[in-house]
Amino acid sequence: MSGLAAAEPHTILLLRHAEKAAEPAADPGLSEAGQQRAQQLAEALRHAGVQHILVTKWRRTRDTAAPLAQHLGLPVQVLDARDIEGSAARLMALNGTVLVVGHSNTVTPLLAALGGPRLPWLCETSFSPLFVWRREPGAAPTVLRLRYGAGDAPRPAASTASAASADCL
């Protein structure tokens, strides 16, 4: 096995932060539903072998990862949500199973930058999707789209004012 293949993670778990609170507007934490979802995430992944947890600088991503990080005794590292290619390169340099908590507009672009499918952004009401990116040495990556925690609110209706919401997951 080459040094590069040994450095590649075999599994990257990508998801959006849990439901956010309305306040403070600049950098909200999680709502009560979001706090429950963060606990559900910790329960769902407690035996998944997560070795690295990466979030963005925003409180809602840190709060989503916090219960799992605390349970596993892992530090939480920060990714630059605006630098998709740089974040992908950083993830590829890690070993083991990696959890990434991002945003509705960063999860699927990061998945594509890792060689996964190009998918629409997540809807503003989508909090349950969990993407499992996996690559065996020498093989193309595979991606599973799972769900965790409570179900999501109905998808927003398409309108001329919000055409982007019509094409979201």
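The values are calculated or read from the model by the stated rules, or taken from the named source; none is laboratory data. This one's a predicted model, so the numbers in the text were calculated from it and none came from an experiment. We place every Cβ from the backbone using ideal geometry, glycine too, and count neighbours over all the protein chains shown. The protein model used for the area step is the full one, side chains on, heavy atoms only, and it has no ligands, DNA or RNA in it. Shrake-Rupley method; radii C 1.70, N 1.55, O 1.52, S 1.80 Å.
Within the range 58-103, the proportion of Cα pairs with more than 15 Å between them is 46 percent.
Ordered from longest to shortest, the equivalent ellipsoid semi-axes for the range 60-148 are 19, 17, 14 Å, each the square root of 5 times a Cα gyration tensor eigenvalue. Principal axis extents of the C-alpha atoms in the range 1-140 (largest first, rounded to whole Å): 49, 31, 21. May I ask what percent, to the nearest 5, of DSSP beta bridges between residues of the range 1-147 are antiparallel? Counting only bridges with both partners in the range 1-147, antiparallel ones make up about 45 percent. List the residues whose amide H sits under 5 Å from the amide H of A21, counting only those 5 or more places along or on another chain, with H placed 1.01 Å from N in the peptide plane. When sequence neighbours closer than 5 places are left aside, the close amide H contacts are G29, L30, S31.
Tell me the carbon and sulfur percent of the accessible area for the chain, rounded to whole percent, probe radius 1.4 Å. Exposed carbon and sulfur together represent 55 percent of the surface.
Which of the trypsin sites (Lys or Arg not before Pro) across the range 69-118 are loop residues per DSSP, with 16 or fewer other Cβ within 10 Å? Listed in order of number, the matching sites are R82, R118. Comparing A153, A81, A25 in a Gaussian network model of the chain (Cα springs below 10 Å), the most mobile by mean-square fluctuation is A25.
According to the square roots a ≥ b ≥ c of the eigenvalues of the Cα gyration tensor, what is the shape class of the range 117-159, taking rounded for a/c under 1.5, prolate for a/b larger than b/c otherwise, and oblate for the remainder?
Since a/c reaches 1.5 but b/c is at least a/b, the shape of the range 117-159 is classed as oblate.
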